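Heads up, the thing below is written out as structure tokens.
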Amino acid sequence: MFSIKRGQSSSIIPGFGLSIGITLTMLSLLVLIPLLSVLLTLSGTTFEVFWKTVTDTQIIATYKVTFSCALAASLVNLIFGIMLAWVLVRYEFPCKRILDGLIELPFALPTAVAGITLTTLYSDKGWIGSLFDKIGVKISYTTTGITIAMIFIGIPFIVRCIQPVLEKLDRQYEEAAFVLGASRPRTFFKVILPEIVPAALSGFGLAFARCIGEYGSVVFIAGNIPYKTQITPLIIMNKLEQFNYAAATSVALVMIIFAFVILFLINSLQSWISRIARG
């Protein structure tokens, strides 16, 4: 038998010191240092100038458009993501593997290509947009078009978060609920839903964060009409093109804070739900 000498530290992960060093180095290079560079860029900017920039009426309008569309798209993705993950896990049908692979298409597809494709489809002369145009509904260059583009880029996050949980869920609990007389809806809401809520919240948070920061897929279909369909990432790009780095960084900092707060609240909600589930 193997024994550990007195004074010798044991570690589950071999080479823990080296591993944690590499991890912290990569985290610093990829996350912490870029975030700190945002603050360094603003070091020569007074708070008055910063506040005036981020509270400009046109920029506030972009906040409203970006966050409202991202929230709507994430809620739609939450509902249909659960349904899609359920179908992929619980049913067998032709071309199932193809459909499962298509879920990840928004990950692999260049965002500019996605934006151009969606604009072509949903424009007044597009295959789908022309049908809605006949009944007086305009999709491209409206917040509806922006929401559709965000749904397209956000759906994989929720499906891929929920799918593994459903695959590992023991069906004996469902069978026990049926034996005890529970209906299918009651079984879903009392047995299955509590298990997938944490994963669904993670997917929702990731999808929402991706939506508020998306540029390429949204900018074409948005139309970029000031105070109506202009998104915040476009404002940041415009400021950079004008070499106004302080203004661009100011708006970017606001977006970073919003994203961090959203993810923090979702993680806190997950922890609270987990504590309740453990009793």
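For A112, only one of the following conditions fails: (1) touching a residue at least 60 places away in the same chain (Cβ under 8 Å); (2) surrounded by 15 or more Cβ atoms within 10 Å (Cβ to Cβ). What is its number?
For A112, the exception is condition (2).
Examine the range 119-138 for a residue that is of a type in the set (A, V, I, L, M, F, W, C) and closer than 20 Å to L88 by Cβ, and state whether such a residue exists.
no
Tell me yes or no: at least one residue of the range 174-189 is under 20 Å from the mean Cα position of the chain (by Cα) and either at pLDDT 85 or above or over 22 Å from D56 (Cα atoms) (or both).
Initial filter on the range 174-189 (under 20 Å from the mean Cα position of the chain (by Cα)): none.
For the range 174-189, residues under 20 Å from the mean Cα position of the chain (by Cα) and either at pLDDT 85 or above or over 22 Å from D56 (Cα atoms) (or both): absent.
Output yes when any residue across the range 65-80 is surrounded by fewer than 11 Cβ atoms within 10 Å (Cβ to Cβ), out of contact with any strand residue (DSSP E or B) (no Cβ under 8 Å at 6 or more places or on another chain) and at pLDDT 90 or above, and no when none is.
no
Would it be correct to say that F188 is out of contact with any Gly (no Cβ under 8 Å at 6 or more places or on another chain) and farther than 22 Å from S271 by Cβ?
For F188, the condition - out of contact with any Gly (no Cβ under 8 Å at 6 or more places or on another chain) and farther than 22 Å from S271 by Cβ - is met.
Can you name every one of the helices (runs of 4 or more DSSP H) wholly within the range 4-59 that holds 1 or more residues which are among the charged types (D, E, K, R) and at pLDDT 85 or above? Step through it out loud before you land on a result.
Details: elements: 16-27, 33-41, 47-54.
So the answer is 47-54.
Answer yes or no as to whether I139 is of a type in the set (V, I, T), touching a Pro at 6+ places or on another chain (Cβ under 6 Å) and closer than 20 Å to L75 by Cβ.
On the way: of a type in the set (V, I, T): yes; touching a Pro at 6+ places or on another chain (Cβ under 6 Å): no; closer than 20 Å to L75 by Cβ: yes.
No; evaluated as a whole, the condition is false for this residue.
For the structure I just gave you, tell me whether I146 is within 18 Å of the chain's Cα centre (by Cα) and either buried (at least 17 other Cβ atoms within 10 Å of the Cβ) or not in a helix (DSSP H, G or I) (or both).
Taking the combined requirement at face value, the residue satisfies it.
Condition check: among the aliphatic types (A, V, I, L, M), within 18 Å of G115 (Cβ to Cβ) and within 16 Å of the chain's Cα centre (by Cα). Does V218 satisfy that?
yes
When the range 115-142 is examined, which residues are found to be touching a helix residue (DSSP H, G or I) at 6+ places or on another chain (Cβ under 8 Å), in contact (Cβ under 8 Å) with a residue 12 or more places away in the chain and surrounded by 17 or more Cβ atoms within 10 Å (Cβ to Cβ)?
Selection gives G115, L118, T119, Y122, S123, G126, I139, S140, Y141.
State all residues of the range 90-107 that are part of a helix (DSSP H, G or I) and out of contact with any Pro (no Cβ under 9 Å at 6 or more places or on another chain); if no residue qualifies, say none.
Selection gives R90, K96, R97, I98, L99, D100, G101, L102.
Quick one: in the range 127-143, of everything that is of a type outside the set (A, V, I, L, M, F, W, C) and assigned to a helix (DSSP H, G or I), which residue is nearest to the chain's Cα centre (by Cα)?
The residue in question is T143.
Determine if the range 151-171 includes at least one residue that is modelled with pLDDT under 90, within 13 Å of S217 (Cα to Cα) and in contact with a Phe, Trp or Tyr (Cβ under 9 Å, 6 or more places away or on another chain).
Scanning the range 151-171 turns up no residue that is modelled with pLDDT under 90, within 13 Å of S217 (Cα to Cα) and in contact with a Phe, Trp or Tyr (Cβ under 9 Å, 6 or more places away or on another chain).
So how many residues does the range 43-71 have that are over 26 Å from G216 (Cα atoms) and of a type outside the set (S, T, Y)?
7
The values are calculated or read from the model by the stated rules, or taken from the named source; none is laboratory data. Since this is a predicted model, take the numbers as computed values, not measurements. Glycine gets a Cβ as well: all are built from the backbone with ideal geometry, and neighbour counts include every protein chain shown.
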